[in-house]
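Here the structure comes first, spelled out in C-alpha cells, and everything after it is commentary.
The values are calculated or read from the model by the stated rules, or taken from the named source; none is laboratory data. Because the structure is a prediction, the values reported are computed rather than measured. For neighbour counting, all protein chains shown are included, and Cβ atoms are generated from backbone atoms with ideal geometry for every residue, glycine included. Protein only, heavy atoms only, side chains kept; ligands, DNA and RNA dropped before computing areas. Shrake-Rupley method; radii C 1.70, N 1.55, O 1.52, S 1.80 Å.
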Amino acid sequence: MPDISLTTVVLLCVAALAAGWIDAVVGGGGLLLLPALLLGLPAGTPAAHALGTNKAVAIVGTTGAAVTYVRKAPVDVRTAVRIGLAALAGSSGGAFLAAGMSTEVLKPVIMVVLLAVAAFVILKPAFGTAPAPGPATRRQILAAIGLAGLGIGFYDGLIGPGTGTFLVLALTALLHLDLVTASATAKIVNCCTNAGALVTFAWQGAVLWQLAALMAVFNLAGGTLGARTALKRGSGFVRVVLLTVVFALVANMAYEQWLA
C-alpha cells in the first residue's frame, strides 16, 4: 500500500464507485478512475503503476457488470467472447505500436470522430432504441469482430480513452442492438481486453495490489448498480449518459491536447 492519506484513499474509493457506474452504463469509466489515481498516488510514483492499478480495479467492476447484464439482458455471450478475443489481439498490436510513436497527432482526429458521433446520435433519436428483428447475420458478426474487436482493440492499446463508449456505439451500429444490449456485450469484450492488459502489468510488477483490492470493492458495487440502472431505465437513459460521456471525452482530450 503506498503512503497516502486516509482522505485520499476515501476519495479514490468514491472515484472507483462512480467510475464503475459510468462504465457499466455506457463505458468511459476510465476517464474518471485513471486521472484520480494519477493525482492521488504519491509524487514520483511511475505512471505504469497507475495504469496497472487502474486495470486491476476496472476488471472487477467490468466483470460484475457483465454478470449482471448476462443474467437479465439478451446477450449473445458466444459472439461477445469472439469479439473480445479479437479486441485482445488488437490491443496487443496497438500497445506494441504505441511504444514507437506519438499518439498526440491522433487525438484531434479522435475528437472530430467523437463530435460526429454525438451529432449522429442527436440527429437520430431512434438509434439504439430498439433491438434487431432477428439474430445477427454471419456478415454482421464478422464486421463486429473486425471493426469493434480488432479495430477498437487496437485503439485501446494505442490510445485508450473512451474504448468502452466506442464499443457500445460500434456494436449498436454493426449488430443492430439496442443500447442496453450493446452495453452488456461491450462489458464482456472489455473483460477480455482488461484481462490481457492486467496480465502484462502484473508481470511487470506495476500493480499496487492492496490499493487495487480496496478500490475494486467500490468499483464492483458501482458496476453492478450501473448495470441494474441501465436495465431498469432502458435505452433512452443510456442514450443521455452516452452523449454526456462523449462530450466529456472531447473536453478531456481537448484539454490534454492544447491546455495541459
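The set of residues in the range 1-16 being in a helix (DSSP H, G or I), surrounded by fewer than 22 Cβ atoms within 10 Å (Cβ to Cβ) and in contact (Cβ under 8 Å) with a residue 40 or more places away in the chain consists of Val9, Cys13, Val14. With respect to the conditions (1) outside any helix (DSSP H, G or I); (2) crowded, with 19+ Cβ neighbours inside 10 Å, Leu220 falls short on a single one, namely (1).
Of (1) open to solvent by less than 60 Å² (accessible area, probe 1.4 Å); (2) within 15 Å of Gly157 (Cβ to Cβ), Ala65 satisfies all except one. Which? Going through (1) open to solvent by less than 60 Å² (accessible area, probe 1.4 Å); (2) within 15 Å of Gly157 (Cβ to Cβ) one by one, Ala65 breaks only (2).
Could you please find all residues in the range 20-50 being part of a loop (DSSP other than H, G, I, E, B), touching a helix residue (DSSP H, G or I) at 6+ places or on another chain (Cβ under 7 Å) and surrounded by fewer than 24 Cβ atoms within 10 Å (Cβ to Cβ)? If you could, list the steps in order and put the result at the bottom.
Our first condition is that a residue be part of a loop (DSSP other than H, G, I, E, B); within the range 20-50, this holds for 27-29, 41-46.
Now drop any that are not touching a helix residue (DSSP H, G or I) at 6+ places or on another chain (Cβ under 7 Å), which leaves 27-29, 41.
Matches in the range 20-50: Leu41 only.
Among residues of the range 51-65 that are within 14 Å of Pro35 (Cα to Cα) and part of a helix (DSSP H, G or I), those with a beta-carbon under 8 Å from a residue that is of a type in the set (Val, Ile, Thr) and open to solvent by less than 20 Å² (accessible area, probe 1.4 Å) at least six positions away or on a different chain give the pairs Gly52/Val207; Thr53/Val207; Lys55/Val207. In the set Thr185, Thr193, only one residue is in contact (Cβ under 8 Å) with a residue 40 or more places away in the chain, part of a helix (DSSP H, G or I), touching an Asp or Glu at 6+ places or on another chain (Cβ under 6 Å) and crowded, with 17+ Cβ neighbours inside 10 Å; that residue is Thr193.
Scanning the range 214-242 for residues that are closer than 19 Å to Phe166 by Cβ and over 15 Å from the mean Cα position of the chain (by Cα) gives Ala230, Ser235, Arg239, Val240. The condition (being of a type in the set (A, V, I, L, M) and touching a Phe, Trp or Tyr at 6+ places or on another chain (Cβ under 7 Å)) is satisfied by just one residue among Val207, Val189: Val207. Is it the case that the range 198-213 has a residue that's touching a residue at least 12 places away in the same chain (Cβ under 8 Å), surrounded by 15 or more Cβ atoms within 10 Å (Cβ to Cβ) and under 18 Å from Thr165 (Cβ atoms)? Checked against the condition, which is being touching a residue at least 12 places away in the same chain (Cβ under 8 Å), surrounded by 15 or more Cβ atoms within 10 Å (Cβ to Cβ) and under 18 Å from Thr165 (Cβ atoms), the range 198-213 yields no hits at all. Of the residues making up the range 134-173, those that are surrounded by fewer than 24 Cβ atoms within 10 Å (Cβ to Cβ), more than 17 Å from Leu242 (Cα to Cα) and of a type in the set (A, V, I, L, M, F, W, C) are Ala136, Ile141, Leu142, Ala143, Ile145, Leu147, Leu150, Phe154, Leu158, Ile159.
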